[in-house]
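Where a number appears in this text, it was derived from the coordinates with a stated rule and is not lab data. What you see is a predicted model, and the numbers here were worked out from it, not measured in a lab. Every residue, glycine as well, gets a Cβ built from its backbone with ideal geometry; the counts of neighbours run over all protein chains shown.
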Amino acid sequence: LSEQWFVKMKPLAEPAINAVKEGKVRFIPKTWEKVYYDWMENIRDWCISRQLWWGHRIPIWYCQDCGHMNAFVEPPEACEKCGSNDLLQDPDVLDTWFSSALWPFSTLGWPEKTPDLEYYYPTDLLVTGFDIIFFWVARMIMMGLKFMGDVPFYDVYIHALVRDEEGKKMSKSFGNVIDPLDMIDKYGADALRFTLASLAVQGRDIKLSESRIESSKNFANKIWNALRFILMNIKGFDPSAFSEESLVLDLADRWILSRTQKVIKEVTDFLNGYYVGESAKTLYEFIWGEFCDWYVEISKATLYDSTEDSIRKDGVKYILWKVSSIILRLLHPYMPFITEELWQHLPCVQESIVISPWPEVDEKFINDVAEEKMKYIMDTVRVIRNLRAEMEIKPGEKVKVVVKPHDAEYSELVKEYEKYIIRLASLSEFQIDPTYERPKGCAVGVMDKAEIFMPLGDLIDIEKEVARLKLRLQEVMDEISRVEAKLSNTDFIEKAPQHVVEKERAKLQEFQEIKGRIERHLEQLA
Ligand SMILES: [Zn+2]
């Protein structure tokens, strides 16, 4: 049995416990503090001798003459006690976690007082897994306080475990491993990174599935296509020569500029609080659901209108450029490659997105009234789009719509911005009529401010359509009775595998939903 070196831990642990208690070091999520305290308050002396070849060698030289143990940074020439040259260094190396505990300052040139050490110590944030809170995090804090007189970092973000779709641990024997390299080949590094980040909600494990990564790739495509459209349309336009003072703003412009400021604030606040997933969700919904789907579409009305004056057109180009430059920067931490690539094509910006300043809120663009008005316009368009989908009207086909407003304010609003509605809902005619009575064969949609009518007589042969729908209804009802019979058969329920039964139940629900839709459709045609 050989003799081993130990470190007395209590005197090191005490200041490290206080550093967390006093809030000098914060755990995120905070619940992990308990794990830290549990370890630290029950700490034992640490055996640091390892009988390995690889590692920091223990800096003790045994005097072969007097037996004195010489501890030095550099190999000593002679025994400090008797002057003998016959010295032998301890053959053991330090526990790897001992070396790792020194990492925050040993990598910066310590014990020299280097400019790097001066500048980077302490750092802001350590990101790591919960399983090494004691082995690594706690020991870095203890060593930092001991040798540097200060904590090594202020925030410790404990990240989630990545599990499979059903929450099971990934393992080769289960065959449920999603290999990141395969995913990068298939969907791109940005899609994988965005997926993991958007699923990172504090205190919850990540349930990863390939379909999630695929939908992030679709998001990347959406941004790519939107920016390509924008770049094409602002070609030759010089944003630096354009003064914001000369902006002539339409409702949609005021709305998107206001929403952009709110998103800057939300994303910045989320990131400051390490709400990485929430911030990603905000960006996804804003970029896709508001900017691409609405503003870019609306901008076409101005850009393609030959009667529109150039100051309006330039204003829209300026806003497309400005909002693009903001969303690319906000998205950059999540999708570094695609945002940098697009940034390189954007005029009048810094040479690289990575050195460009983080967007700041511009209070003068915040406009709650415009946001509320735009919400009603968008709601109106959504109701019409739903009617079109329910009535199975082809995407290109233009329809007539009559709005029956409940109040004058809404009535004026849709009158003023009917051009948006006509364009976004593909209308041939848009009428506002507070006294409108529903004729036969007319679809109706309802929103809080109005009823919306879509007369179908000109669009379809109502009699033929009713006959077709009734036939389909009968087919669906036959399917429902077939599945119901199967599910009430105890023999089937008992003998069939669970997932087969589940599949039948899902089928039944789906058929019932289809039945409901056809019945509503038939009511609209009556
Ligand atoms: Zn000696």
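Here are some notes:
- The range 415-524: chymotrypsin sites (Phe, Trp or Tyr not before Pro) falling in loop per DSSP and having at most 11 other Cβ within 10 Å: none
- Restricting the range 80-132 to GluC sites (Glu not before Pro) that sit in a DSSP loop and have at most 10 other Cβ atoms within 10 Å of their own Cβ leaves Glu112.
- Diffusion coefficient, µm² s⁻¹, Stokes-Einstein with Kirkwood Rh over alpha-carbon pairs of the chain at 4 °C and 1.567 mPa s: 44
- Cβ-based exposure ranking for Ser49, Ser173, in which fewest neighbours within 10 Å come first: Ser173, Ser49
- In a reduced charge model with +1 at each Lys and Arg Cβ and -1 at each Asp and Glu Cβ, the chain shows a dipole moment near 1060 debye about its Cα centre.
- Within the same chain, lysines fewer than 8 places from Lys34 are excluded, and of the rest, those with a Cα less than 21 Å from its Cα are Lys10, Lys21, Lys24.
- Compactness index (Cα Rg / 2.2 N^0.38 Å), the range 1-62: 1.50
- Fraction of beta bridges assigned by DSSP in the chain that are antiparallel (%, nearest 5): 60
- Highest average first, the peptides 249-260, 265-276 ordered by how many other beta carbon atoms sit within 10 Å of their residues are 249-260, 265-276.
- Note on Lys470: lysines with a C-alpha under 21 Å away, same-chain residues under 8 apart excluded, are Lys394, Lys440, Lys507, Lys515.
- Quarter the surface of the alpha carbon convex hull of the range 20-164 and you get the mean projected area, 11.7 square nanometres.
- Alpha-carbon Debye profile of the range 364-502, log10 I(q)/I(0) at 0.20 Å⁻¹: -1.14
- When the pairs Lys375/Lys419; Lys30/Lys265; Lys217/Lys503; Lys300/Lys449 are compared against a 19 Å limit on Cα-Cα distance, Lys30/Lys265; Lys217/Lys503; Lys300/Lys449 fall above it.
- In angstrom, the C-alpha Rg and Dmax of the range 315-407 are 19.4, 53.
- With the charge dipole of the range 290-330 set up from +1 on Lys and Arg Cβ and -1 on Asp and Glu Cβ about the Cα centre, the Cα lying farthest toward the positive end among the listed residues Leu328, Ala301, Tyr318 is that of Leu328.
- For the chain, the relative contact order is 9 percent, taking Cα pairs closer than 8 Å that sit 6 or more residues apart in sequence and dividing their mean separation by the residue count.
- Projected onto their three principal axes, the Cα atoms of the range 181-365 cover extents of 53, 33, 29 Å, largest first.
- Between Gly445, Ser171, Leu283, the Cα set farthest toward the positive side of the dipole of the chain (charges on each charged residue's Cβ, about the Cα centre) is that of Gly445.
- Fewest-first ranking of Trp46, Trp343, Trp53, Trp224, using other Cβ atoms within 10 Å as the exposure measure: Trp53, Trp224, Trp46, Trp343
- Least to most buried among His521, His68 (fewest other Cβ within 10 Å first): His68, His521
- Qualifying lysines (Cα of each under 19 Å from Cα of Lys8; at least 8 residues distant if same chain): Lys146
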